[in-house]
Each structure stands twice: as C-alpha cells, then as structure tokens.
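Accompanying notes for the structure given below.
The values are calculated or read from the model by the stated rules, or taken from the named source; none is laboratory data. As the structure is a computational prediction, the values presented were derived from the model and not from experiment. Please note: Cβ atoms are built from the backbone with ideal geometry, for glycine as well, and neighbour counts cover all protein chains shown. Side chains are part of the model used for accessible areas, which takes the heavy atoms of the whole protein and leaves out ligands, DNA and RNA. Shrake-Rupley method; radii C 1.70, N 1.55, O 1.52, S 1.80 Å.
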Amino acid sequence: MASATDSGTPAPAALRRSLGFRDLVVYGLLFIAPMAPVGVFGTLDAKSHGAVALVYLVATVAMAFTAFSYAQMVRVAPQAGSVFTYARKGLGEGAGLIAGWMAMLDYLLIPAVAYLFSGIAMNALVPEVSRWVWTALAVVITTVLNLWGVRAAARVGFAVLAMEILVLLVFLVAAVSVLVGDGARRGWLSPLTGDGSLGFSVAAVLGAVSVAVLSYLGFDAIASFAEEVTGGSARVARAVLFCLALAGVLFIAQTYLVALLTPVTSAELAADPEQQGPAFYDAVESSVGSWLHDLVAVSKAIGAAFAALAGQAAAGRLVFAMARERRLPRVLARTSDGTPRAALLVAATVTLVAAVWAARRADGLDQLVSVVDVGALVAFTLLHASVVGWFVVKRGAGAPSRWKHLIVPVLGAAVTVAVIVEASWTAQVVGAVWLAVGLGVLVAQRGRRGPGHGAGNGPGGTSPPDPGGRPDHRPDQRPDHRSDRYPDQRPDHRPDPDTRAGA
C-alpha cells in the first residue's frame, strides 16, 4: 500500500511492477483474440463483395494511427487509466473524465460479450447446462484469477493464448494442405480483389472496414498496465504497436485462406444473412472436416472467456485510476498487494450482471454487440485530440513533429469518427445517453471540487510520481531505476527478473 512521501503527504495507491513485454502482448492478444474474424467473416465477405483480406489489411493500417497515438501518450503519462490519463494531460480535466467515462462503457461491455460467446459455445457442446450458467461460471473463474494478481493471470493467459495460436496454426496448415491438393474454390487473388459475383467496389470495402476495426478493440488495454510494467513506458509503446501488427497479420492470413475455401459466393452470403454467422465454420467443415470445426469451436469457447479476463483486468485499472483522481468513489482506489481488488470486483459485478442478463434473452447477444463499440471509438477520438493538444497546442515536449503529432492523430480521428457515423442507430443512442450521463457527472463534480484540485498529475493531483524521478511532462524512459525513492512502486526492492533478462 501507499507509504508517506518526504513531505509527510500519503503517497497515492500504487500497483505492483511485475509485467514484462511478453505479458503485455499476452494481455493485448487475449483481449483481441487471435481468431476474432471467425464470427464476422461471413458478414465482412458479403459487405466487401469477397475482398475480405483487403478489408483487414486496410483496417490494420487504419487502427495503426490509433496505436501510434497510444505509443506517443504512454511516454508522456506512464500511468494506469489509459485514455483517461492521456486526455487529462492533453485536453484537461473535463475531457479526461469524459474519455474515461466513454472508455468505461467499452471496457465493461466487451468482456460481457466475450463471456456470453463462451457461454454459448459451451452450451452448444454441453446443452444440458444452460448458457447463462456457463456464462456466470466463466465470469467467476476469470475474476478469481484477476484477484489473484496480474502476474498469475498473465501466466494462465499465456497458456490459453498459446492454445489459441496452436489451433490457428493447425487451421492454417490444414487449409494450405487442402488448397495445394484440391485447389481454391475462388480465384487466388479474390480475397484482395473481390470474388467477381458482385464486382469490386471501394465503397463496399470501406463499409466493411468500419465493421472490421471492431475486431481490434482491446489492443489499447495494454496501456492500462503502464504502472505494472518493468522496463519503462517505452516497453508499453512497443507492445501496443507489436500487438496490433501481429493481430493484423493473423487476421489477414486466416481470412485470405478461408475465403479461398468458402463454397458460396459473396453474393449468396449477401442474399442470405443467416449464412453469414457460421460462414467460417461452414467453410472449414466442408473443406477440411468436422474435426477442425469442433476444434475451432472449443478454442473459441475457452479463448473468449480469457479475452474477457484481459478486458476485466483493464476495466479494473481504469476504474482504479479514475477513483484515485476522485472521479469515482475513493474506496475503488484501494489496492491489496499491488492489485486493485475493489475496482476489479466492481468491474466484475457489472460485467456479470450484463452477461447473465444477455445470456437469458434470445436477443441478448445482438443487444450487447450493437452497443459495445461507440464508447471505445469516442475515447479513441479524444486520444488523438490529446496528442495534438499536448504536443502541438501546449508544446509539452518542445517543438512538435508535424507528422507524428498532427497528421497521424488527425487521420486517426477521421477514421474513428467515420466508424462512429457508420455504427448502428442503437449504438449511437446508447453512446449519446452514456455521454450525457458523463457530462452530468462532470458538472456535478465541478460544483464540488475546489479550484485547481486534481488539475493534473504531480502537484495538485493524486497520481503517483513518475518512478523515473522526472516531471511527468517529459517522456519517461527509465522508470524503474530509482525505485528506492518510491518504495511502494517496487514492494520487494529487488530488480525484477524480467528486467535482468531483458524481457
């Protein structure tokens, strides 16, 4: 727990630094899920007129703008809270609260969707047990792992991620074998140019991209572990970029191959929406066999639960950071052995209620899926604005780079705004209502808080000092080398083995 500083003021609650580069990538890929395109392949194939691999190529480039902005801001503010912290630095307290508030909608509901996916998959394998029971069981198991500690959860998550990647590799090898032996059912370039049944259309591809970018939601969760990583914020920045790039390669490879194996055209999928959901599974079963169909289904069931584990961990750290800055009840900023257990329990409870509610309704999945994206996209837009605000407007790091600090974030904001415009009406309404509630909270808190209170990190704020011992307006490069000055940042006072090993 927190210790006293030299001035006698209690230090803010701190998290234990125990994560290496591999752990960050594990959390990011778990949240995204290596086989995320499985559920949306049919929809994207129909929307893009068969150019589904091109869709993921464009989507990877589009989301790279957001990943790059995260990499810029995590060096400026290497603290838990992710976009909440970054918007406070670049845009001010009010924007910070709204960014955190909108991200919270995403971080609480995406795990609920993942838990529900797991419950549905397990119910299909063991129909005697209701899907809401499987859903609740997945929440309980992963919550226990998160309460155990971030390092323990990362170890278990690594094993699950290895299993998912192994299944993906089995699919890739089997698909290539079938293609070599039997040939492709579509043209070899059709996943990049369209299958010809509806004709190539740039508008169709861009429309599909607006859906495909949702497959990447979750890579940003890596930034929420900035206070728990060894080796400095540069390691977090590298992990964000690496995770997005690796996910893009995996998504493009699997959609390219399955498109070549699909027995129906994109026009047929567009004409029959009921075929779109199971299109990936149907292609695998008809081309390779039912054994691979079942293997992929089991992998998705387990992987979805642990995607939710990573999401729940990120949600807990966002709640913790907002509570530490007195934007949520302070009791949620308490830590135990460096783990924000109070915040995790609140996040788990909200997620459990949402997931079980949806599992007991016939249309529950549609209801949840339709609203999960807007919160993250609004937060991403504010992230890009924060880069411009900090580097260009405030000149917080000296002379800004026109490319890194202006052009990239403007392009990134254009992408996220375009996706928000393309979102469903339900998602837009829910997002607007949630935003209105957040604005109400902001107005109420401004009426209670004194002038200058919590106006930023460092003096007047409640964020922990930069463990590198430098002002937090300068890029953090070596946060762990002065841990003796802030003992609650490194509870055991010993070098982390990941740091010694160069992890």
(1) modelled with pLDDT under 85; (2) more than 22 Å from the chain's Cα centre (by Cα): which one isn't true of H49, the others all being true? (1)
Kindly list the number of the only condition in (1) modelled with pLDDT of 90 or more; (2) of a type outside the set (F, W, Y); (3) more than 17 Å from the chain's Cα centre (by Cα) that fails for A77. (1)
Looking at region 96-136, which of the residues that are among the hydrophobic types (A, V, I, L, M, F, W, C), more than 23 Å from V374 (Cβ to Cβ) and modelled with pLDDT of 85 or more is surrounded by the fewest Cβ atoms within 10 Å (Cβ to Cβ)? V129
A310 versus (1) under 14 Å from F31 (Cα atoms); (2) of a type outside the set (D, E, K, R); (3) open to solvent by 10 Å² or more (accessible area, probe 1.4 Å): which is the lone unmet condition? (3)
Listed by range, helices (runs of 4 or more DSSP H) wholly within region 243-350 having at least 1 residues that are out of contact with any Ser or Thr (no Cβ under 7 Å at 6 or more places or on another chain), charged (D, E, K, R) and free of Cβ contacts under 8 Å to residues at least 24 places away in the same chain are 279-287, 290-324
Give region 385-436 a look and list any residue that's surrounded by fewer than 17 Cβ atoms within 10 Å (Cβ to Cβ), in a loop (DSSP other than H, G, I, E, B) and not hydrophobic (A, V, I, L, M, F, W, C), or say none. K394, R395, S401, S424
Across (1) surrounded by fewer than 17 Cβ atoms within 10 Å (Cβ to Cβ); (2) modelled with pLDDT of 85 or more; (3) within 25 Å of the chain's Cα centre (by Cα), V298 clears everything bar (2)
Among the numbered criteria (1) in contact (Cβ under 8 Å) with a residue 12 or more places away in the chain; (2) in a helix (DSSP H, G or I); (3) of a type outside the set (K, R), which single criterion is violated by A152? (1)
How many residues does region 239-268 contain that are open to solvent by less than 60 Å² (accessible area, probe 1.4 Å) and over 29 Å from the mean Cα position of the chain (by Cα)? 7
Could you check region 437-457 and list, in sequence order, the residues that are assigned to a helix (DSSP H, G or I) and either modelled with pLDDT under 80 or open to solvent by 60 Å² or more (accessible area, probe 1.4 Å) (or both)? V437, L439, V443, R446, G447, R448
Answer yes or no as to whether L214 is in contact (Cβ under 8 Å) with a residue 40 or more places away in the chain, in a helix (DSSP H, G or I) and under 23 Å from V378 (Cβ atoms). yes
